[in-house]
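Written out below as structure tokens is the structure these notes cover.
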Amino acid sequence: MDKLNLTFSTSFKTAANAVAEELGLENITSQRQKANGTICFHDPETDVDYTMHETGYIRRRWNIRAWNGLGKSTTYQLNPQKEVVDQWTNNRTGETAKTVCTERVALDQWGQLGKLCTSVISYRKNH
């Protein structure tokens, strides 16, 4: 995936906080995350965190208990995916081969905010 080099503007952060507040999310961005260009929201209803990154990623993270009773964090990518076809030629035989794989699509800041809204609503409905 080609990463974006966004900078979350002050107006975007204000809008994101307003949307999050409307959804009942809490902004729990740490100083380290802020320095790295990440915004983190916690959903107290489902005990799940959502992170938006200036690289174009958006993720959902939650804590689970492992079989041995220890806590463990699980992260799920929320970015959409697209199929990519890679074609290459074998230099020795001259044969052409194709490989199909999927890669994540980087979202701009407003795309991430939209994805945050739909993901929170969907996750609450299904969990």
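Pull up the stretch 93-107, narrow it to residues that are among the charged types (D, E, K, R) and surrounded by 12 or more Cβ atoms within 10 Å (Cβ to Cβ), then point me to the one that is nearest to T7 (Cα to Cα).
R104
Among the residues of the stretch 9-31, are any under 24 Å from N126 (Cα atoms), open to solvent by 80 Å² or more (accessible area, probe 1.4 Å) and touching a residue at least 60 places away in the same chain (Cβ under 8 Å)?
Checking the stretch 9-31: not a single residue is under 24 Å from N126 (Cα atoms), open to solvent by 80 Å² or more (accessible area, probe 1.4 Å) and touching a residue at least 60 places away in the same chain (Cβ under 8 Å).
Output yes when any residue across the stretch 48-58 is touching an Asp or Glu at 6+ places or on another chain (Cβ under 6 Å) and either open to solvent by 40 Å² or more (accessible area, probe 1.4 Å) or not β-branched (V, I, T) (or both), and no when none is. Spell out how you get there, then give the answer.
The initial filter retains those residues of the stretch 48-58 that are touching an Asp or Glu at 6+ places or on another chain (Cβ under 6 Å), namely none.
Within the stretch 48-58, none of the residues are touching an Asp or Glu at 6+ places or on another chain (Cβ under 6 Å) and either open to solvent by 40 Å² or more (accessible area, probe 1.4 Å) or not β-branched (V, I, T) (or both).
Can you confirm whether the stretch 33-51 contains a residue that is in contact (Cβ under 8 Å) with a residue 40 or more places away in the chain, assigned to a loop (DSSP other than H, G, I, E, B), closer than 24 Å to I121 by Cβ and in contact with a helix residue (DSSP H, G or I) (Cβ under 7 Å, 6 or more places away or on another chain)?
Looking through the stretch 33-51, at least one residue is in contact (Cβ under 8 Å) with a residue 40 or more places away in the chain, assigned to a loop (DSSP other than H, G, I, E, B), closer than 24 Å to I121 by Cβ and in contact with a helix residue (DSSP H, G or I) (Cβ under 7 Å, 6 or more places away or on another chain).
Can you tell me which residue within the stretch 95-127, out of those that are out of contact with any Leu (no Cβ under 6 Å at 6 or more places or on another chain) and hydroxyl-bearing (S, T, Y), is nearest to V19 (Cα to Cα)?
Of all residues in the stretch 95-127, those out of contact with any Leu (no Cβ under 6 Å at 6 or more places or on another chain) come to 95-105, 107-108, 110-114, 116-118, 121-127.
If we keep only those that are hydroxyl-bearing (S, T, Y) too, we end up with 96, 99, 102, 118, 122-123.
Working: T96: 50, T99: 41, T102: 31, T118: 12, S122: 16, Y123: 17 Å.
If we take residues in the stretch 95-127 being out of contact with any Leu (no Cβ under 6 Å at 6 or more places or on another chain) and hydroxyl-bearing (S, T, Y), then T118 is nearest to V19 (Cα to Cα).
The values are calculated or read from the model by the stated rules, or taken from the named source; none is laboratory data. Just so it is clear, the model here is predicted, and its values are computed rather than measured. Using ideal geometry, Cβ is built from the backbone for each residue, glycine included, and neighbour counts are taken over all protein chains shown. Accessible surface is based on the protein model in full, side chains and every heavy atom, while ligands, DNA and RNA are left aside. Shrake-Rupley method; radii C 1.70, N 1.55, O 1.52, S 1.80 Å.
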